[in-house]
Amino acid sequence: MATPSNNIRPVGDDVVAQYKVKAKPYYQTVGDEENLYEAAYARRMPVMLKGPTGCGKSRFVEHMAYKLGKPLITVACNEDMTASDLVGRYLLDKDGTKWQDGPLTTAARLGAICYLDEVVEARQDTTVVIHPLTDHRRNLPLDKKGELIEAHPDFQLVISYNPGYQSLMKDLKQSTKQRFAALDFDYPEEALEVEIVAQESGCDSDTAAKLVQIAHRTRNLKGHGLDEGISTRLLVYAGQMIGEGVEPAAACQMTLVTPLTDDPDMRETLEAAVATFFVS
């Protein structure tokens, strides 16, 4: 049986500091998401961020962690991740065995924001380990160690996932979904996306506007040959390549067309969209 660990262990400033977001992230507010998140954080409410790939979910979490002055521990979830990868495990060393906290346990001890990115990629038997941290209990049982951790008062859990990738095999259980408040994210409106691409990539506004126009055309193809259209992230990549002196058509081929699809017909369609704005 796990022994409750009610006392919060003293943690050195250097340990917390390594998880602080050092530089202010560039983030353009789209709506009321900052105020809503701050209200949720005030109650340490678990938050779910829902939206397509590359629309700014991870950047938003970094921005809010910086704004609130809280440490941030990010976990990129994958289908091979086990509960031990999150909570910790015993490791062998020269003196025998020692316990190594996982990122979720570390965040609960330090009072960090723990961000599970693309949580739907993790197996459902792995994600259930977060349940005790997302209700009135706010604790984490370490069964292998026989310890029950009471979460630090500043601890908060944030998860993200892409609803476009939902399937019967890959989706969150209702018992998990209904433990979180949720914010919807999407690609910004055209004028704002142009500003973001120009700022993030360093390209001029005219080039950024052309890139955004290409993206809009591909997003209209979602469900008609493409799983998703071009993300804001890929537009920034294209702008950065152009800024390095690469011909725009070649930069778009490398960052917007080739990563998106291997289908020859769809590639031809995307290349035609690029050629509308950039002559090779």
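Only one of the numbered conditions (1) in a loop (DSSP other than H, G, I, E, B); (2) in contact with a helix residue (DSSP H, G or I) (Cβ under 9 Å, 6 or more places away or on another chain); (3) modelled with pLDDT under 95 is violated by K24, and that is (3). Here is the figure for the range 34-66: residues that are within 15 Å of Y115 (Cβ to Cβ) and not small (G, A, S) total 17.
Residues of the range 116-125 that are buried (at least 22 other Cβ atoms within 10 Å of the Cβ) and over 12 Å from the mean Cα position of the chain (by Cα): A122 alone. Would you check if there is a residue in the range 250-273 being assigned by TED's automatic domain parsing to the domain that holds V194, of a type outside the set (G, A, S), closer than 20 Å to V197 by Cα and in contact with a Pro (Cβ under 9 Å, 6 or more places away or on another chain)? No, every residue in the range 250-273 fails to be assigned by TED's automatic domain parsing to the domain that holds V194, of a type outside the set (G, A, S), closer than 20 Å to V197 by Cα and in contact with a Pro (Cβ under 9 Å, 6 or more places away or on another chain).
Determine if the range 118-127 includes at least one residue that is of a type outside the set (S, T, Y), in the same structural domain as N35 (by TED's automatic domain parsing), at pLDDT 95 or above and within 30 Å of S231 (Cβ to Cβ).
Residues of the range 118-127 that are of a type outside the set (S, T, Y), as a first pass: 118-125.
When the remaining residues are screened for being in the same structural domain as N35 (by TED's automatic domain parsing), the result is 118-125.
Filter once more, keeping what is at pLDDT 95 or above: none.
Within the range 118-127 (the criterion being of a type outside the set (S, T, Y), in the same structural domain as N35 (by TED's automatic domain parsing), at pLDDT 95 or above and within 30 Å of S231 (Cβ to Cβ)), the answer is no, since none of the residues qualifies.
Meeting the requirement of 3 or more residues that are of a type outside the set (A, V, I, L, M, F, W, C) and closer than 26 Å to R59 by Cβ, the strands (runs of 3 or more DSSP E) wholly within the range 80-167 are 156-161. Being surrounded by fewer than 18 Cβ atoms within 10 Å (Cβ to Cβ), of a type outside the set (K, R) and closer than 17 Å to Y41 by Cα: is that true of L91 here? Spelling it out, it is not the case that L91 is surrounded by fewer than 18 Cβ atoms within 10 Å (Cβ to Cβ), of a type outside the set (K, R) and closer than 17 Å to Y41 by Cα.
Tally up the residues in the range 257-277 that are assigned to a helix (DSSP H, G or I) and over 15 Å from A208 (Cβ atoms), please. Step through it out loud before you land on a result.
Filtering the range 257-277 down to residues assigned to a helix (DSSP H, G or I) leaves 257, 264-277.
The next check asks that each one be over 15 Å from A208 (Cβ atoms); those that pass are 257, 264-273, 275-276.
Selection size over the range 257-277: 13.
Test G102 against the criterion of being crowded, with 17+ Cβ neighbours inside 10 Å, free of Cβ contacts under 8 Å to residues at least 24 places away in the same chain and assigned by TED's automatic domain parsing to the domain that holds D32, and give yes or no.
Details: crowded, with 17+ Cβ neighbours inside 10 Å: yes; free of Cβ contacts under 8 Å to residues at least 24 places away in the same chain: yes; assigned by TED's automatic domain parsing to the domain that holds D32: yes.
The answer is yes for G102.
Looking only at the range 212-237, residues that are more than 15 Å from G54 (Cα to Cα) and in a helix (DSSP H, G or I) come to 3 in all.
Let's see how each residue does on (1) in contact (Cβ under 8 Å) with a residue 60 or more places away in the chain; (2) assigned to a helix (DSSP H, G or I); (3) over 27 Å from Y161 (Cα atoms):
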| position | (1), (2), (3) |
| --- | --- |
| L192 | yes, yes, no |
| D206 | no, yes, yes |
| A209 | no, yes, yes |
| T255 | no, yes, no |
| V279 | no, no, yes |
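The values are calculated or read from the model by the stated rules, or taken from the named source; none is laboratory data. These numbers come from a predicted model, not from an experiment. As a convention, Cβ positions derive from the backbone with ideal geometry for all residues, glycine included, and neighbour counts pool all protein chains shown.
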